[in-house]
1. Could you tell me which residue of the stretch A:341-359 is farthest from A:Y423 (Cα to Cα), considering only residues that are of a type in the set (G, A, S) and free of Cβ contacts under 8 Å to residues at least 24 places away in the same chain?
2. State which residue pairs qualify: first residue within 7 Å of RNA strand B (Cβ to nearest atom) and inside the stretch A:3-25, second residue assigned to a helix (DSSP H, G or I) in any location, beta carbons under 6 Å apart, and separation of 6 or more residues or different chains.
3. How many residues are aliphatic (A, V, I, L, M), surrounded by 15 or more Cβ atoms within 10 Å (Cβ to Cβ) and within 16 Å of A:R435 (Cβ to Cβ) if we restrict to the stretch A:478-512?
4. Determine whether the stretch A:102-111 contains at least one residue that is closer than 21 Å to A:C66 by Cα and without any contact (Cβ under 8 Å) to a residue 40 or more places away in the chain.
5. Starting from the stretch A:62-78, take each residue that is outside the structural domain of A:E177 (by TED's automatic domain parsing) and list its partners that are part of a helix (DSSP H, G or I) and open to solvent by 50 Å² or more (accessible area, probe 1.4 Å), counting only C-beta distances under 9 angstrom and pairs at least six apart or across chains.
6. Could you tell me whether A:L390 is within 12 Å of RNA strand B (Cβ to nearest atom) and either over 30 Å from A:K475 (Cα atoms) or hydroxyl-bearing (S, T, Y) (or both)?
7. Can you find, within the stretch A:278-303, the residue that is farthest from RNA strand B (Cβ to nearest atom) among those that are open to solvent by 10 Å² or more (accessible area, probe 1.4 Å) and closer than 15 Å to A:M54 by Cα?
8. Note down all Cβ pairs under 6 Å where the first residue falls in the stretch A:261-285 and is polar (S, T, N, Q), the second is within 12 Å of RNA strand B (Cβ to nearest atom) and open to solvent by 10 Å² or more (accessible area, probe 1.4 Å), and they're at least six residues apart or on different chains.
Amino acid sequence: MIKHALSVTRQADFAAWYQDVIAEADLAEESGVRGCMVIKPWGYGIWERIQTIMDAGIKDMGVQNCYFPLFIPLSFFEKEADHVDGFAKEMAVVTHHRLIQDRSPGGGGKLIPDPEAKLEEPLIVRPTSETVIGAAMSRWVQSWRDLPLRVNQWANVVRWEMRTRMFLRTAEFLWQEGHSAHDSKEDALAETMRALELYRSVAEDALALPVIAGEKPENERFPGAAATFSIEAMMQDGKALQAGTSHYLGTGFAEAANIRFQDKDGGHSLCHTVSWGFSTRTIGAVIMTHGDDDGLRCPPRIAPHQIVIVPMLRDNEEDQAILDYCASLQAELKALDAFREPLRVHLDAGANKAQTKRWGWVKKGAPIILEIGPRDVAGGNVAVIRRDRLYKDDGKLDSAFTPRGEFVAAAVATLGEIQGNLYAEAKERLHANIRRDVTDLAAHYAGEDKFTGWVEVQWSRPTGGVLDGIVEQLKALKLTMRNTPLDAAPADGACFFTGEPAVERVLIGRTY
RNA sequence: CGGGGAGUAGCGCAGCCUGGUAGCGCAUCUGCUUUGGGAGCAGAGGGUCGUAGGUUCGAAUCCUAUCUCCCCGACCA
């Protein structure tokens, strides 16, 4: 019987386990403000790693970073009708610019918005920035020579969600949003696909999240988009999580913001615009994909510390020799490169007991933990714990005594192996749980707690009332259409829903 | 936003029904012992009981309002 580091197992209560990981791995905590969380150093460190890798990819695309305001005039926001429909219900609104003490009877001198300081036009806190960036684009774009115009920003956004969950759906979250304007639909669609490919590669290569890239069905599109594409990841409970989206916005936003260019023939045309976003939500995906009953398992590429050295200090004269040994080991490892970056090696010389530190790093998911005691110093060894295989067959912690030189020589390869193992494990789970032979969705998805994964069916991509009927039918089973995978086999049969000739395949599942 | 549950020490909880101003376990601190590994014994510190009102001689406990969290639903790029 293994004694695990967490008090709740995934099996017993997946939702409680998820929250326990966030608390025990010190990723984030409640803030006292509804739906908003404090992202703690280990959680934010993971986000910084994601940012570093994503930002490099964005710059490789040739997209430039800039920054647009948090506040958007209501008049900008209300220009695009579908966009309004999608977001109006969850908007934070700024109406005043000053506080005063309430001197009225019963007011008690409390601070209240000054009625004299009411804004002439309310400002909304951005839920996404298409409208305010569109206004800038309309100034920046004059001629076909100004196109394509491609920018990105790293920002926080606010959506007043009714039901929030740490990382997965918070009222305020962090993301990057890329925006571009193009002279043709073809060019805009190509950009949409480039962004989707960036997300796929960052998710798979850095976060070790195997994903299915595809197009969202019409009913799942971003408000105002002509086409929405997503990458979908499968969590350990079989639910889907949308980990990144890119949108071809057509000319709707260009029309609303008046983004026009003079073409080579001297005529004026509307731009085709694109937007794409990737958020802190993906940290939730990492937790639910790689976490186990001992906490998080952090893929090496996004681990703030890839190797943590824990000295076994005993409060005696040997301590200094142990610390010296650890410091030289740290220096030796930091001189190495893994994944084309210097190794991130942390020496935990804090005052806590070694056992406390060790289990703390296990819960945080440090890929490799090295424990160094007096005998290691004397014998030139390190005791190696790998987070991807924590226990031996007998249920005991697998702490392997290894000659120091041997460990150092293999360290980079070992990190690569851990990264690969986490990905391979998740990929196997993903593909093993996409069923293509299901004929009765109700029977397949019967039972609340059953792990059900996803179902892929062929369909005729109906629209209008027929599509609405299908959506309702799925909704009764708590199912949604995730996307139509880009690399799916061609359709060769009848539509699962209508019986008409199918045109493509679509994934169905429960979702976060 | 509707239904349900909860908020008491860093964490997990008891006390509330039947008001008399706080307790347990873990963690923390000190000492001794132990020492290849999630230690043992002894002692100690730490809480305006989510917040604001009200009832009362007296409120963690009763009443009202409010904030936050969790679960289900509706909603959701």
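1. Result: A:A351.
2. A:A5/A:W359; A:A5/A:V362; A:A5/A:K363
3. So the count comes out to 6.
4. There is no residue in the stretch A:102-111 that is closer than 21 Å to A:C66 by Cα and without any contact (Cβ under 8 Å) to a residue 40 or more places away in the chain.
5. Short answer, once both residue conditions are applied: none.
6. Working: within 12 Å of RNA strand B (Cβ to nearest atom): yes; either over 30 Å from A:K475 (Cα atoms) or hydroxyl-bearing (S, T, Y) (or both): yes.
For A:L390, the condition - within 12 Å of RNA strand B (Cβ to nearest atom) and either over 30 Å from A:K475 (Cα atoms) or hydroxyl-bearing (S, T, Y) (or both) - is met.
7. The residue in question is A:R301.
8. Cβ pairs passing all conditions: A:S275/A:E130; A:S275/A:H247; A:S279/A:F173; A:S279/A:W175; A:T280/A:F173; A:T280/A:L174.
The values are calculated or read from the model by the stated rules, or taken from the named source; none is laboratory data. As the structure is a computational prediction, the values presented were derived from the model and not from experiment. Cβ atoms come from the backbone with ideal geometry, glycine included; neighbour counts cover every protein chain shown. With ligands, DNA and RNA removed, areas are computed over all heavy atoms of the protein, side chains included. Shrake-Rupley method; radii C 1.70, N 1.55, O 1.52, S 1.80 Å.
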